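Q: After the structure tokens below, expect a handful of questions from me.
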Amino acid sequence: MANDNNDSKTNVAMTMTEQEAYWEKKVDEAFQHLVDTYIASRHRKKIDIITKAFNFARQAHKGVRRLSGEPYIMHPIAVAQIACEEIGLGSTSICASLLHDVVEDTDYTIEDISNIFGQKIAQIVDGLTKISGGIFGDRASAQAENFKKLLLTMSDDIRVILIKICDRLHNMRTLQSQPANKQYKIAGETLYIYAPLAHRLGLNKIKTELEDLSFKYEHPDAYNALQQKLASTQADRDKLFEQFTAPIREQLDKLGMKYEIKARVKSPYSIYNKIQNKHVTFDEIYDILAVRIIYTPLSPETEIDDCFKIYIAVKKLYRLHPDRTRDWTDNPKANGYQALHVTLMSKQGRWVEVQIRSKRMDEIAEQGFAAHWKYKDEGEGEISEDDNELNEWLKTIKEILDDPQPDAMDFLDSIKLNLFASEIFVFTPKGDIKTMPAGCTALDFAFQIHTFLGSHCIGAKVNHKLVPLSHRLQSGDQVEILTSKSQHVQEEWINFVTTAKAKGKIQAILRRDSKEIRKQGEEILNKWLKENSLELTTSVMDKLCELHDIKKQERFFYALGMKTILLGEKDLDVLLGKDKHQSSSRWRKFVPFLSSDKKTTMEIQEEDNYFVVKKEFNKKKPVYITENNIKQYVFPSCCHPIPGDDALGYIDNKNHIEIHKRNCPVASKLKASFGNRILDAKWDMHHQLFFDAKVRIRGIDRKGLLLDVSQVLSEELGINIRRITISTDNGIFDGTLDIRVHDRDEVSLILEKMKKIEDLQEVSQII
């Protein structure tokens with residue numbers, strides 16, 4: 001992960017001796033900067049052990065260079081600098097940061113680190129060290145396994161994950177020297193795992209930078225376009241900020257408050273997400289600017305009172321949006337975030353969000369749980385009994401790890417679903433507050449309280465009204481769980497619970513109950529194979545699972561035991577190679593495209609046509625998709641990529657190459673779990689093929705509108721309309737257009753032209 005280094009002094013014109021002297025000086029300067037930052041912090045000054053760790057790491061990595069040509073030791077120093085300066089960690093974390101790659105990349109062991117630097121530093125380094133092999137089998141996701149180890153160690157010491165985030169941040173800052181396939185892999189897992197993790201730990205500034213850097217490498221054109229848009233509209237935002245805040249400053253001065261007012265601009269990644277999800281343009285996003293008021297309380301006891309004094313002052317100046325007030329002062333978010341958010345109408349007719357927080361709240365908002373340690377005496381990084389939010393979160397992690405999913409993708413999904421979800425506050429019948437993930441059900445709440453309650457739950461009373469198990473809870477609900485001893489866990493429960501604890505407990509109980517059924521299924525299969533002179537092998541299981549469109553062997557055995565699958569001639573033909581069967585899941589994968597010459601649909605159906613990745617295949621080089629070779633690639637139905645889309649390739653389990661959009665949800669999981677199979681994919685098409693696209697239109701219904709739409713598409717642009725679906729309700733119409741296009745640029749042109757049609761209010765592509 002090479003560092004971007006523009007220094008011309010390191011070019012080939014320098015002699016080896018000059019280069020070594022130059023880099024020795026650079027390394028010394030970087031370490032001195034780290035020491036100076038640490039000395040300026042509030043931590044106890046343990047310079048000796050930090051210097052010892054630096055010298056040890058420098059010697060261990062001696063002679064090793066990064067892709068940029070700089071000594072490898074510059075990376076650990078940079079990670080330690082981030083840990084110290086941007087998160088506020090102390091000597092133990094700085095030492096672990098300096099040593100974090102020693103065990104992985106050199107001959108030193110964890111025992112060596114423990115003997116020289118002590119058990120605590122060694123434990124953190126061990127948690128940061130990648131591992132080989134794992135619990136997920138031959139098709140293991142090393143990334144998921146490494147992440148699991150991080151979480152295991154993190155549940156004992158939160159600094160492990162904080163340093164890992166520092167490591168990931170520096171890797172993202174220095175990603176441009178990597179080949180494109182590595183960029184997509186690293187950026188993808190950063191977006192899928194590390195940015196949400198930073199958010200969950202309250203590291204808002206780092207989370208935003210991780211998201212923006214990932215966005216920059218996955219969608220460089222969109223990133224650059226948004227940066228230019230933000231730059232070109234900066235003057236307007238500055239003017240709005242000054243006009244909006246001037247009366248606020250006047251009021252706060254009258255109150256005698258000590259404060260600072262800052263402008264917060266929405267990040268490029270957040271803007272991009274809103275454009276994609278809300279189907280709006282940049283100009284239609286009205287919350288790009290927010291105002292942050294950071295105040296110093298008159299005393300610690302008046303911190304919350306002072307917050308509401310400011311709220312009352314600004315409310316007198318501007319009209320309040322009734323549905324956009326958020327109060328996290330008394331009940332902070334699960335990541336420790338505290339603030340009061342209000343949305344006000346400016347004199348210019350624009351809604352502006354105002355975030356009111358004390359200086360302490362602001363530090364916690366930027367540095368998360370790490371900021372708490374600045375106010376503690378018991379030692380850097382130690383978790384105390386009053387760290388309730390953090391302890392609850394670590395407890396959730398332990399519950400997931402106690403019953404881990406055997407499949408890497410399921411494991412990562414459990415982590416994302418529960419650790420990174422937005423949270424709501426729910427009350428017990430006695431008035432105790434429980435923090436739950438947004439979207440959770442009454443049954444989730446039952447399992448959260450106790451496994452017995454969950455497994456015997458028959459319903460619930462929410463706000464004193466009877467509701468079913470699947471009822472989704474809202475923040476502020478008071479929930480009473482109803483149980484019956486005759487109730488038992490049902491298989492369909494797994495379809496509506498959302499928390500890892502509930503899913504894990506239900507699956508554990510179902511596994512226990514279905515173990516006997518699976519055993520019966522396995523006996524049925526063995527008997528059938530024996531009757532047909534066959535043996536039970538991995539190849540046999542793979543073929544049978546694919547034939548019946550079942551992903552896991554356990555489910556196949558269960559289906560046999562439940563008699564929902566009966567083995568017959570078709571199964572035997574597939575096993576003996578007499579039937580080149582394509583399972584329904586394979587048939588669903590392919591997206592038809594049309595030849596502009598023959599005007600006929602060409603569907604990829606024969607697996608033999610696919611390109612097969614061999615051992616000598618160079619994953620660093622991009623694959624180019626052309627009219628001549630497009631049939632050699634698998635086009636999954638999850639995202640429908642067309643020429644011009646930012647795309648990537650994925651080598652599947654049969655060594656065929658799937659083509660996905662880079663922002664496809666399935667591709668996001670693949671990047672996070674199977675990054676070594678990711679390829680760069682580029683289009684080299686010449687308007688010879690047509691691809692399916694969908695456009696949504698909404699607006700005010702009027703006579704002749706549909707005619708105007710068809711004229712723009714068919715006559716002006718020459719677009720082939722395959723299907724139009726329109727519905728109207730009280731003068732408002734909503735419709736979709738199925739069209740055939742050559743590439744993404746053609747879609748953009750269509751949207752641009754259609755937006756000019758009178759009474760057509762919204763035009764967007766359906767992704």
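The values are calculated or read from the model by the stated rules, or taken from the named source; none is laboratory data. Here the structure is a predicted model, which means the values were calculated and not measured. Here the Cβ is made from the backbone with ideal geometry for all residues, glycine too, and neighbour counts use every protein chain on show. In case anyone asks, the SASA skips ligands and DNA or RNA and just uses the protein heavy atoms, side chains included. Shrake-Rupley method; radii C 1.70, N 1.55, O 1.52, S 1.80 Å.
Q: Looking at this structure, is Ile494 more than 30 Å from Met436 (Cβ to Cβ) and either open to solvent by 50 Å² or more (accessible area, probe 1.4 Å) or out of contact with any Pro (no Cβ under 9 Å at 6 or more places or on another chain) (or both)?
A: No, not satisfied.
Q: Among the residues in the range 451-460, are any within 20 Å of Ala334 (Cα to Cα), surrounded by 20 or more Cβ atoms within 10 Å (Cβ to Cβ), in contact with a strand residue (DSSP E or B) (Cβ under 6 Å, 6 or more places away or on another chain) and of a type outside the set (Phe, Trp, Tyr)? Explain how you work it out, then say what you get.
A: Looking only at the range 451-460, we keep the residues that are within 20 Å of Ala334 (Cα to Cα), and these are none.
No, every residue in the range 451-460 fails to be within 20 Å of Ala334 (Cα to Cα), surrounded by 20 or more Cβ atoms within 10 Å (Cβ to Cβ), in contact with a strand residue (DSSP E or B) (Cβ under 6 Å, 6 or more places away or on another chain) and of a type outside the set (Phe, Trp, Tyr).
Q: When you scan the range 65-74, do you find a residue that is in contact (Cβ under 8 Å) with a residue 24 or more places away in the chain, acidic (Asp, Glu) and open to solvent by 10 Å² or more (accessible area, probe 1.4 Å), even just one?
A: Checking the range 65-74: not a single residue is in contact (Cβ under 8 Å) with a residue 24 or more places away in the chain, acidic (Asp, Glu) and open to solvent by 10 Å² or more (accessible area, probe 1.4 Å).
Q: Same structure again: List every residue pair whose Cβ atoms sit under 6 Å apart, with the two residues 6 or more apart in sequence or on different chains, where the first one lies in the range 95-112 and is modelled with pLDDT under 90 and the second, anywhere, is open to solvent by 30 Å² or more (accessible area, probe 1.4 Å).
A: Final answer for the pair search is Glu104/Lys130.
Q: Hey, another quick one. Within the range 479-506, how many residues turn out to be out of contact with any Leu (no Cβ under 7 Å at 6 or more places or on another chain) and either on the phi > 0 side of the Ramachandran plot or assigned to a strand (DSSP E or B) (or both)?
A: 2
Q: If you take just the helices (runs of 4 or more DSSP H) that sit entirely in the range 655-764, which of them hold at least 3 residues that are over 22 Å from Pro643 (Cβ atoms)?
A: By residue number, 665-673, 705-710.
Q: Restricting attention to the range 25-48, report how many residues are in a helix (DSSP H, G or I) and in contact with a helix residue (DSSP H, G or I) (Cβ under 6 Å, 6 or more places away or on another chain).
A: The number of residues fulfilling the criteria is 5.
Q: If you take the residues in the range 33-55 that are farther than 17 Å from Phe117 by Cβ and of a type in the set (Gly, Ala, Ser), which one is least open to solvent (accessible area, probe 1.4 Å)?
A: By that ranking, first place goes to Ser41.
Q: Going through the range 113-145 one residue at a time, which ones are modelled with pLDDT of 65 or more, more than 21 Å from Gly90 (Cα to Cα) and open to solvent by 30 Å² or more (accessible area, probe 1.4 Å)? Please lay out each step first, then the result.
A: Of the range 113-145, the ones modelled with pLDDT of 65 or more are 113-130, 144-145.
Right, trim to more than 21 Å from Gly90 (Cα to Cα) and you get 130, 144-145.
The answer is Lys130, and nothing else.
Q: For the range 543-600, give me the residue count where each residue is within 26 Å of Tyr633 (Cα to Cα), open to solvent by 70 Å² or more (accessible area, probe 1.4 Å) and at pLDDT 85 or above.
A: 1
Q: Is at least one residue of the range 302-317 touching a strand residue (DSSP E or B) at 6+ places or on another chain (Cβ under 8 Å), open to solvent by 70 Å² or more (accessible area, probe 1.4 Å) and of a type outside the set (Gly, Ala, Ser)?
A: Scanning the range 302-317, I find at least one residue that is touching a strand residue (DSSP E or B) at 6+ places or on another chain (Cβ under 8 Å), open to solvent by 70 Å² or more (accessible area, probe 1.4 Å) and of a type outside the set (Gly, Ala, Ser), so the answer is yes.
Q: A further question follows. All but one of (1) among the basic types (Lys, Arg); (2) closer than 19 Å to Ile364 by Cα; (3) buried (at least 16 other Cβ atoms within 10 Å of the Cβ) hold for Lys262; state the number of the condition that does not hold.
A: (3)
Q: So which residues in the range 192-212 are under 13 Å from the mean Cα position of the chain (by Cα) and either at pLDDT below 90 or crowded, with 21+ Cβ neighbours inside 10 Å (or both)?
A: Answer for the range 192-212, where residues must be under 13 Å from the mean Cα position of the chain (by Cα) and either at pLDDT below 90 or crowded, with 21+ Cβ neighbours inside 10 Å (or both): Tyr192, Ile193, Tyr194, Ala195, Pro196, Leu197, Ala198, His199, Arg200, Lys207, Leu210, Glu211.
Q: Residues that are within 30 Å of the chain's Cα centre (by Cα) and among the basic types (Lys, Arg): does the range 517-527 have at least one?
A: no
Q: Inside the range 1-28, can you point out the residues that are under 13 Å from Pro71 (Cβ atoms), open to solvent by 90 Å² or more (accessible area, probe 1.4 Å) and either modelled with pLDDT under 50 or of a type in the set (Asp, Glu) (or both)?
A: Pass one, the range 1-28, residues under 13 Å from Pro71 (Cβ atoms): 2-3, 5, 10, 19-28.
Filter once more, so that each one left must be open to solvent by 90 Å² or more (accessible area, probe 1.4 Å): 20, 24-25.
Result: Glu20, Glu24.
Q: Every residue in the range 242-259 that is surrounded by 14 or more Cβ atoms within 10 Å (Cβ to Cβ), out of contact with any strand residue (DSSP E or B) (no Cβ under 6 Å at 6 or more places or on another chain) and among the aliphatic types (A, V, I, L, M), please.
A: Of everything in the range 242-259, those that are surrounded by 14 or more Cβ atoms within 10 Å (Cβ to Cβ), out of contact with any strand residue (DSSP E or B) (no Cβ under 6 Å at 6 or more places or on another chain) and among the aliphatic types (A, V, I, L, M) turn out to be Ile248, Leu255.
Q: Looking only at the range 509-542, which residues are more than 24 Å from Gly577 (Cα to Cα), of a type in the set (D, E, K, R) and open to solvent by 60 Å² or more (accessible area, probe 1.4 Å)?
A: Arg511, Arg512, Asp513, Lys515, Glu516, Lys519, listed by residue number.
Q: Please name all residue pairs, on different chains or six or more residues apart, with Cβ atoms under 6 Å, provided the first residue is in the range 424-443 and is at pLDDT below 85 and the second residue is open to solvent by 50 Å² or more (accessible area, probe 1.4 Å) and among the hydroxyl-bearing types (Ser, Thr, Tyr).
A: The qualifying pairs are Ile424/Ser475; Phe425/Ser475; Ala438/Ser422.
Q: May I ask you to list the residues in the range 318-331 that are surrounded by 13 or more Cβ atoms within 10 Å (Cβ to Cβ) and under 16 Å from Lys347 (Cβ atoms)?
A: Result: Tyr318, Leu320, His321.
Q: Ok, one more. Select from the range 213-241 the residues that are within 17 Å of Tyr286 (Cβ to Cβ) and of a type in the set (A, V, I, L, M) and write down the one among them that is surrounded by the fewest Cβ atoms within 10 Å (Cβ to Cβ).
A: So, considering only residues that are within 17 Å of Tyr286 (Cβ to Cβ) and of a type in the set (A, V, I, L, M), the one surrounded by the fewest Cβ atoms within 10 Å (Cβ to Cβ) is Leu230.
Q: Another question about this same structure. Can you spot a residue in the range 534-556 that is among the aromatic types (Phe, Trp, Tyr) and free of Cβ contacts under 8 Å to residues at least 40 places away in the same chain?
A: Within the range 534-556, one or more residues are among the aromatic types (Phe, Trp, Tyr) and free of Cβ contacts under 8 Å to residues at least 40 places away in the same chain.
Q: Still on this model: When you scan the range 715-723, do you find a residue that is among the charged types (D, E, K, R), farther than 19 Å from Lys756 by Cβ and surrounded by 11 or more Cβ atoms within 10 Å (Cβ to Cβ), even just one? Show your work before the answer.
A: Taking the range 715-723 and keeping what is among the charged types (D, E, K, R), we get 715-716, 722-723.
Now restrict to residues that are farther than 19 Å from Lys756 by Cβ: 722-723.
If we keep only those that are surrounded by 11 or more Cβ atoms within 10 Å (Cβ to Cβ) too, we end up with 722.
The answer is yes, given that some residue of the range 715-723 is among the charged types (D, E, K, R), farther than 19 Å from Lys756 by Cβ and surrounded by 11 or more Cβ atoms within 10 Å (Cβ to Cβ).
Q: Between a first residue in the range 510-533 that is more than 15 Å from Asp571 (Cα to Cα) and a second residue that is assigned to a helix (DSSP H, G or I) and open to solvent by 70 Å² or more (accessible area, probe 1.4 Å), which pairs have beta carbons less than 8 Å apart while being 6 or more apart in sequence or on different chains?
A: Leu510/Glu491; Arg518/Glu554
Q: I would also like to ask the following. Could you please find all residues in the range 621-679 being among the small types (Gly, Ala, Ser) and either open to solvent by less than 10 Å² (accessible area, probe 1.4 Å) or under 13 Å from Ala187 (Cα atoms) (or both)?
A: Selection gives Ala647, Gly649, Ala667, Ser668, Ala672, Ser673, Gly675.
Q: Please go through (1) more than 30 Å from Asp330 (Cβ to Cβ); (2) outside any helix (DSSP H, G or I); (3) touching a Gly at 6+ places or on another chain (Cβ under 6 Å) for Gln520 and return the number of the only condition it doesn't satisfy.
A: If we test Gln520 against (1) more than 30 Å from Asp330 (Cβ to Cβ); (2) outside any helix (DSSP H, G or I); (3) touching a Gly at 6+ places or on another chain (Cβ under 6 Å), just (2) comes out false.
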